[in-house]
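The structure appears right after this line, and notes come after that.
Just so it is clear, none of the values below were taken in a lab; they were calculated from the coordinates. Only a predicted model underlies this, so the values are computations on that prediction, with no experimental measurement involved. Here Cβ is always computed from backbone atoms with ideal geometry, including for glycine, and neighbour counts include all displayed protein chains.
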Amino acid sequence: MSEKKLLEKKDWNYYVYEEGNNIQLSVPIPKPTPGFDVLYTLNESEKEKYLYTGIKALEERIEDMNMNFTNYEMNSWR
């Protein structure tokens with residue numbers, strides 16, 4: 001089993017992790033209570049853009065995750 005490695009973060013805005021061959025984006029949201037981490041695993045196209053361009057490539061995804069969080073996997077802070 002591979003270890004989850006933090007690639008970059010902007011506290012309380014986003015966290016980008018690499019685990020094996022996958023890159024996962026985590027966006028913390030305080031509401032609904034008790035707060036959640038909204039999670040998304042990048043597809044191959046997004047992964048390539050991120051590795052080439054950096055976090056700029058994920059700005060629209062982060063915005064969507066903040067607004068439409070119920071469309072994503074969510075982990076409660078509790």
Filter segment 52-73 for residues that are closer than 18 Å to LYS9 by Cα, in contact (Cβ under 8 Å) with a residue 24 or more places away in the chain and of a type in the set (A, V, I, L, M, F, W, C) and give the result.
ILE55, LEU58, ILE62, MET65
Of all residues in segment 1-24 being surrounded by 10 or more Cβ atoms within 10 Å (Cβ to Cβ), aliphatic (A, V, I, L, M) and out of contact with any Ser or Thr (no Cβ under 8 Å at 6 or more places or on another chain), which is nearest to GLU60 (Cα to Cα)?
LEU7
